[in-house]
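The values are calculated or read from the model by the stated rules, or taken from the named source; none is laboratory data. Bear in mind that the values here come from a model prediction, so they are computed numbers and not experimental data. Neighbour counts are summed over all protein chains in view; Cβ atoms, including those assigned to glycine, are modelled from backbone coordinates with ideal geometry.
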Amino acid sequence: MSKKVTALVLAAFILISGIFVIVKVIRKSAKTEVIRLRNGDYQLLVAGKPYFVKGVCYHPVPPGKGYDFNFWGDKNEAWRVDAKLMKEMGVNTVRFFQPGKNPEEVKAVISGLYRSYGIRSALGHYLGYWDWPPANYTDPQFREKIKKEIVDMVHTYKDTPGILFWILGNENNYSFDLDVNPWSSEELEKIENAYKRRLAKARIYYTFVNELAGIIKSIDPSRPVAMGNGELASIEVAREVAPDIDILGEILYQGKSFGGFFRKLKRNFGKPCVMIEFGCDSFNAVSNEEAEDQQALYLLYQWKEVIKNSAGGGGIGNSLGGFVFEWSDEWWKHSGAGPQGWSKHDTSGSWSNKSYYDGTAKNNMNEEWFGLVAVSPEKENGVNKRMPRKAYYVLKELWTK
């Protein structure tokens, strides 16, 4: 081989090697991780830089449509209209409860949010909690079904630009903590003591979630895994059996204040959290009128506690941010099972929570009115008009400083 050919080969090798190094650096730079600082506080890092989640739960269903509306494939791309408003507000992350059925549509939305607007996505999976037949976490066939869905989800979306972390479940612990969609087995029913039976169920469920977290990390070691959990009733069991969970994805509706949540989380679980659902509706079921001021006030207090308990905030130091529930009103919620009420913005309360307003109404929480933006039946370019509420502007002031 001549010196000239050798030089060309060497130059090509160096060029290829350089490209390889650059690719490797780019891939490494996309890593998301949870670290613990010297003072014991926790921090989320993206590409080595601190990242605090300023997020919203995102499930944009227009008036007249229901829970099964495929917003991923919406030809009018309402998500672009929303993303512009989100960016102006300071939103840096959205939470998707579960991917849609068409991977290409899902990838287009997630990557579009990130590339065009700088908004990342936390992608979740219900773990079959609302499936039919109902979820039973003692059933080997059901568990294998969920495992396959998780494996498929991570393989499908792990290389999609903008994925921040994965979320497993959404209030699934209520199946044993509150008997919502309960499940059991012959062995569990032999446990006569209700408290011990609940802890046995918690052990089964949290062990399964930990197994799923391990599977995710074997496929995608570059992102943390969060566990979606409602409140903290049995979380001490998860501390024992779910070491592969990096973040607690907390769902908490407790009025203006989270109370002792962050301190209890530190004591009973010992890991950081992202509030994956919190907020306040914008309709007062007691006075029977829209209540933008109250929604804005509650969210102001709640967010200040999220910040206070973050790294260096002077609190517990285990808060990594949160997702407000939710971005836009969902007109289908009160009549979720049928389309007869989907075109009506229902003012009837769906459930009761004495921590909101004065709690005198039997059902004072209005599921159709949680949006930071209201949605009008009137359309512009095929998309229902968005009308930001006062809470939008309160959070904008906090999130864009």
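Within the stretch 210-248, if we keep just the residues that are part of a strand (DSSP E or B) and not small (Gly, Ala, Ser), the residue that is farthest from residue 356 (Cα to Cα) turns out to be 225. Answer with yes or no whether residue 378 is without any contact (Cβ under 8 Å) to a residue 24 or more places away in the chain and not polar (S, T, N, Q). It is true that residue 378 is without any contact (Cβ under 8 Å) to a residue 24 or more places away in the chain and not polar (S, T, N, Q).
Considered as a group, the residues in the stretch 317-349 that are of a type in the set (S, T, N, Q) and closer than 12 Å to residue 370 by Cα include one that is modelled with the highest pLDDT, and that residue is 328.
Being surrounded by 15 or more Cβ atoms within 10 Å (Cβ to Cβ) and among the hydroxyl-bearing types (Ser, Thr, Tyr) is the filter; apply it to the stretch 353-375 and report the residue that is farthest from residue 283 (Cα to Cα). Taking the candidates together, the pick is 355. Restricting 334, 345 to those that are over 19 Å from residue 251 (Cβ atoms) and in contact with a strand residue (DSSP E or B) (Cβ under 9 Å, 6 or more places away or on another chain) reduces the list to 345. For the stretch 249-308, how many residues meet the condition of being of a type in the set (A, V, I, L, M, F, W, C) and either part of a loop (DSSP other than H, G, I, E, B) or farther than 17 Å from residue 371 by Cα (or both)? Total satisfying the criteria: 14. For the stretch 105-138, filtered to residues that are in contact (Cβ under 8 Å) with a residue 24 or more places away in the chain and surrounded by fewer than 16 Cβ atoms within 10 Å (Cβ to Cβ), the residue that is nearest to residue 188 (Cα to Cα) is 134.
Take the stretch 145-169 and flag every residue that is in a helix (DSSP H, G or I) and free of Cβ contacts under 8 Å to residues at least 40 places away in the same chain. Before you say what the answer is, go through the steps one by one.
Residues of the stretch 145-169 in a helix (DSSP H, G or I): 145-157.
Those that are in a helix (DSSP H, G or I) and free of Cβ contacts under 8 Å to residues at least 40 places away in the same chain: 145, 148, 149, 152.
Determine the pairs where a residue that is in contact (Cβ under 8 Å) with a residue 40 or more places away in the chain and polar (S, T, N, Q), located within the stretch 233-247, has a partner that is buried (at least 19 other Cβ atoms within 10 Å of the Cβ) and assigned to a strand (DSSP E or B) with Cβ atoms under 6 Å apart, the partner being 6 or more residues away or on another chain. Partner pairs satisfying both residue conditions: none exist.
Total residues in the stretch 158-204 satisfying the condition of being among the charged types (D, E, K, R) and over 21 Å from residue 232 (Cα atoms): the figure is 7.
For the stretch 66-86, the set of residues classified as surrounded by 17 or more Cβ atoms within 10 Å (Cβ to Cβ) and not in a helix (DSSP H, G or I) consists of 66, 69, 74, 77, listed by residue number.
Going through (1) in a loop (DSSP other than H, G, I, E, B); (2) closer than 17 Å to residue 214 by Cα one by one, residue 192 falls short only on (2).
Every residue, every condition in (1) more than 16 Å from residue 326 (Cα to Cα); (2) in contact with a helix residue (DSSP H, G or I) (Cβ under 9 Å, 6 or more places away or on another chain); (3) crowded, with 17+ Cβ neighbours inside 10 Å; (4) among the small types (Gly, Ala, Ser), yes or no:
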residue	(1), (2), (3), (4)
44	yes, no, yes, no
50	yes, no, no, no
64	yes, yes, no, yes
88	yes, yes, no, no
95	no, no, yes, no
103	yes, yes, no, no
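Residue selection: residue 362 satisfies the criterion of being farther than 29 Å from residue 87 by Cα and either assigned to a strand (DSSP E or B) or free of Cβ contacts under 8 Å to residues at least 60 places away in the same chain (or both). For the stretch 254-304, a residue qualifies if it is modelled with pLDDT under 95 and buried (at least 19 other Cβ atoms within 10 Å of the Cβ), and the qualifying residues are 284, 285.
Screening residue 338 on (1) loosely packed, with under 14 Cβ neighbours inside 10 Å; (2) touching a Leu at 6+ places or on another chain (Cβ under 8 Å); (3) of a type in the set (Gly, Ala, Ser) shows it passes everything except condition (2).
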